[in-house]
Amino acid sequence: MTCGVEIHFLPGVAGSEAGLECILKRLRLLLPQSAYAPTAESVEKFLIDCQSSLSLDGEQKLFALALTTEGILCGFAQFRFYGSDADLDFILIDENQRGKGYGKFILDASLAQLRQKGVHRIVLEVSTQNTAALALYQSFGFNSLSVRKRYYRNGEDAAIMEKSI
Ligand SMILES: CC(C)(COP(=O)(O)OP(=O)(O)OC[C@H]1O[C@@H](n2cnc3c(N)ncnc32)[C@H](O)[C@@H]1OP(=O)(O)O)[C@@H](O)C(=O)NCCC(=O)NCCS
């Protein structure tokens with residue numbers, strides 16, 4: 001089994017924060033602001049499990065991009081990839097920093113780096129009520145594959161989307 005966590009800071013914005021612990025600390029603050037992101041606990045468990053090679057099967061790897069402004073984490077994107085396929089786990093921008101192009105920036109940078117790792121297809125799942133995320137993914141050319149009814153605990157449907165890169 002090979003397994004790895006890679007967290008990259010976007011070029012030019014890496015500031016005073018570095019390392020998993022700092023990222024987790026900031027993520028715990030950021031995540032509760034979002035109705036659509038996973039809980040801080042689940043992300044923390046995921047990252048720690050990945051580090052200790054416990055929960056990932058086969059050749060699955062974790063890739064994450066962190067975006068900082070003035071040394072403070074303001075965005076995070078997390079993917080799992082296996083060979084040429086990747087799943088977008090989540091993308092999150094600090095509530096106070098949204099609408100400034102950071103979501104676009106971090107997604108664009110993620111896709112470029114995944115492409116370099118040999119990934120050719122991204123799959124994601126998003127609530128059909130999440131207007132901002134849907135618009136972001138559509139603007140990147142993600143196509144809707146199917147809808148999973150009442151997929152989320154709050155009863156919302158999930159759109160499954162994919163994009164070849
Ligand atoms: C989805 C999210 C990451 C977008 O980040 P952002 O930095 O605000 O997005 P950007 O400023 O880069 O905008 C990119 C595009 O997204 C769309 N968008 C962003 N905010 C939007 C809004 N409030 N309403 C509609 N479309 C929106 C637009 O298409 C926009 O492109 P445009 O400016 O050319 O029209 C952010 O809203 C977020 O963190 N949401 C909570 C977490 C979440 O829902 N994540 C997705 C599921 S895991």
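Assorted remarks:
- For region 89-98, 3J(HN,Hα) per residue [Karplus equation, 6.51 cos²θ - 1.76 cosθ + 1.60, θ = phi - 60°, Hz, x = Gly/Pro]: 6, 6, 9, 9, 10, 3, 3, 7, 10, 6
- Least to most buried among 106, 93 (fewest other Cβ within 10 Å first): 106, 93
Coordinate-derived values only; no laboratory data. Please read all numbers here as calculations on a predicted model, not as lab measurements. Every residue, glycine as well, gets a Cβ built from its backbone with ideal geometry; the counts of neighbours run over all protein chains shown.
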